[in-house]
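Trainee: Once you've had a glance at the structure underneath, I'll fire off some questions.
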Amino acid sequence: MKKIKSILFMLLGIVSLGIGLAGTVLPVLPGGPFYLFAAFCFAKSSKRIETWFKNTTIYDKYVLAFLQKKGMTRREKIRINVTADFFILLSVIFVDILFVRIILIVLALYKHYYFVKKIKTLPADRQGDEVNEAN
């Protein structure tokens with residue numbers, strides 16, 4: 001049963017990665033969520049991949065920090081939202097289908113609601129902020 005689950009996650013990861021790659025090229029399809037889902041599926045498909053991912057700096061800096069602190073600083077929230085808004089805005093500009101534009105705008109608004117109301121805002125780490133400002 002474990003082998004079937006592993007194969008299923010691997011197949012879902014491959015399909016999601018393919019859709020994500022298509023989303024990188026096609027402005028109608030957002031690639032980011034499919035990349036995230038593919039990473040999740042690949043991590044669940046193999047202990048070796050999961051261990052590798054958990055040893056990356058991306059995992060340490062973003063995922064683990066979020067899971068341990070149960071929130072984000074205001075600076076992290078703003079940085080993530082501005083980056084996501086930039087790509088959503090590009091999609092809205094390049095997509096000619098009104099229905100898709102409306103969905104993208106609604107999702108962007110929901111994203112802001114979620115970040116403001118659902119994710120706890122943590123106080124800024126003064127020492128960490130000073131290090132970041134120096135770079």
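Trainee: Residue under question is F9, and the condition is that it be in a helix (DSSP H, G or I), surrounded by 13 or more Cβ atoms within 10 Å (Cβ to Cβ), modelled with pLDDT under 85 and of a type outside the set (V, I, T); does it hold?
Mentor: No, not satisfied.
Trainee: Out of the residues in the range 81-100 that are among the aromatic types (F, W, Y) and under 21 Å from Y114 (Cβ atoms), state the one that is nearest to the chain's Cα centre (by Cα).
Mentor: Taking the range 81-100 as the starting set, the residues that turn out to be among the aromatic types (F, W, Y) are 86-87, 94, 99.
Add one more test, that the residue is under 21 Å from Y114 (Cβ atoms), and what stays is 86-87.
On the way: F86: 14, F87: 12 Å.
If we take residues in the range 81-100 being among the aromatic types (F, W, Y) and under 21 Å from Y114 (Cβ atoms), then F87 is nearest to the chain's Cα centre (by Cα).
Trainee: If you check G32, G18, which single one turns out to be at pLDDT 85 or above, surrounded by fewer than 16 Cβ atoms within 10 Å (Cβ to Cβ) and not assigned by TED's automatic domain parsing to the domain that holds V116?
Mentor: Sole residue among the options that is at pLDDT 85 or above, surrounded by fewer than 16 Cβ atoms within 10 Å (Cβ to Cβ) and not assigned by TED's automatic domain parsing to the domain that holds V116: G18.
Trainee: Now a separate question. Pick from K2, K44, K77, K54: which is surrounded by 16 or more Cβ atoms within 10 Å (Cβ to Cβ), basic (K, R) and without any contact (Cβ under 8 Å) to a residue 40 or more places away in the chain? Reasoning before the result, please.
Mentor: Details: K2 fails: surrounded by 16 or more Cβ atoms within 10 Å (Cβ to Cβ); K77 fails: without any contact (Cβ under 8 Å) to a residue 40 or more places away in the chain; K54 fails: surrounded by 16 or more Cβ atoms within 10 Å (Cβ to Cβ).
None of the other options fit; the residue is K44.
Trainee: Quick one: in the range 114-125, of everything that is farther than 16 Å from A65 by Cα and exposed (fewer than 10 other Cβ atoms within 10 Å of the Cβ), which residue is modelled with the lowest pLDDT?
Mentor: Per the stated criteria, the residue is K118.
Trainee: State which residue pairs qualify: first residue over 20 Å from N81 (Cβ atoms) and inside the range 93-111, second residue modelled with pLDDT of 85 or more and in a helix (DSSP H, G or I) in any location, beta carbons under 7 Å apart, and separation of 6 or more residues or different chains.
Mentor: Going by the 7 Å Cβ cut-off, the qualifying pairs are V95/R101.
Trainee: While we're on this one: Among the numbered criteria (1) in contact with a Lys or Arg (Cβ under 7 Å, 6 or more places away or on another chain); (2) more than 26 Å from G13 (Cα to Cα), which single criterion is violated by A84?
Mentor: With respect to (1) in contact with a Lys or Arg (Cβ under 7 Å, 6 or more places away or on another chain); (2) more than 26 Å from G13 (Cα to Cα), A84 is out only on (2).
Trainee: Identify the residue in the range 57-68 that is loosely packed, with under 12 Cβ neighbours inside 10 Å and more than 13 Å from the chain's Cα centre (by Cα) and, among all such residues, is modelled with the highest pLDDT.
Mentor: Out of the qualifying residues, it is T57.
The values are calculated or read from the model by the stated rules, or taken from the named source; none is laboratory data. Here the structure is a predicted model, which means the values were calculated and not measured. Because the Cβ atoms are built from the backbone with ideal geometry, glycine has one as well, and the counts that use them run over all protein chains shown.
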